[in-house]
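Values quoted throughout were computed directly from the atomic coordinates according to the rules given, and no laboratory measurement underlies them. Please read these numbers as outputs of a predicted model, since none were measured by experiment. Because the Cβ atoms are built from the backbone with ideal geometry, glycine has one as well, and the counts that use them run over all protein chains shown.
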Amino acid sequence: MHASSRLDAEVTGLVTFARTTRAIEQLTAARTAGQYRRFYLGLARQPPEPLDGEWRFPIGRDPRDPRRRVALANGTSVRGGKGKASTKGFCLADSAWSRYRTLSSASHLALLLLQPETGRTHQLRVHAARGGAPLWGDKHYGGPVREVMEDGRVLAARRVMLHCAKLILPGIARAEPLVVHAPVPEDMRGFFVALGGDSALLAPSSWS
């Protein structure tokens, strides 16, 4: 069994596994052709500007901490390899592309639909932060972790508020593509509602 997708440690949602060599080859080809599509729901404190669009910031390793990534400015020269930092602190970056759409926004909260077109480490988190909308709970990339409400309640985001909610897989054992959904987990749903979000917006029918 081979994992054909992965999630960061604090991110929830769908992960796919291929059980045969043929399936691995077809999923790899589908990724290359842009037919393997992933959709994430993310919670940010404020929406990006513009509200809908795409991020194409190149991503590389942070020269100060190889466990983290950095998004460079658009137009930055992209080098080959996997974004390894040089001994001089220069960050070699890989091209990266994410689409995004703001589904709703209110005080202290924006619900984002995020679609990675490439698969760089921490891509959506880094792109959201670079795009002005760091995700709740993502302390590594500048995301807020707590909010004091007007009634004195303290709401805490105990992990990165990012969830892989939908996959579209190419037809392998069947002719038509397979569409799979994963419900938003209770901790993320509860946090969204506590900040004033409408839980109905988390249903696929509201954003598919």
- Message: Using the Karplus curve 6.51 cos²θ - 1.76 cosθ + 1.60 with θ = phi - 60°, what ³J(HN,Hα) values do you get for each residue of region 107-124, in whole Hz, with x for Gly and Pro?
- Response: 4, 6, 7, 9, 9, 10, 9, 10, 10, x, 9, 10, x, 6, 4, 6, 3, 5
- Query: How big is the equivalent ellipsoid of the chain along its three axes, where each semi-axis is √(5λ) from the Cα gyration tensor, reported in whole Å from largest to smallest?
  - Reply: 28, 24, 15
- Note on the structure: The simple spin-label model distance between residue 28 and residue 101, using points 7 Å out along Cα→Cβ, in nm, is 3.2
- Task: Mind putting together the pair-distance distribution for region 91-208? All Cα pairs, 5 Å bins, whole percent per bin, short to long.
- Result: 2, 9, 18, 21, 20, 13, 8, 5, 2, 1, 0
- Message: Based on alpha-carbon centroids, what's the gap between region 122-173 and region 15-30 in Å, whole number please?
- Response: 28
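Have a look at the DSSP beta bridges in the chain and tell me what percent are antiparallel, nearest 5. It would help to have the intermediate numbers written out before the result.
Numbers: 40 of 42 bridges.
Percent antiparallel among DSSP bridges in the chain is about 95.
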- Message: With n ≥ 4 as the cut-off for DSSP H runs, can you work out [θ] at 222 nm for the chain, using -39500 (n - 2.57) per run divided by the number of residues, rounded to the nearest 500?
- Response: -4500 deg cm²/dmol
- Which whole-number percent gives the relative contact order of the chain, counting Cα pairs below 8 Å spaced six or more residues apart? 23
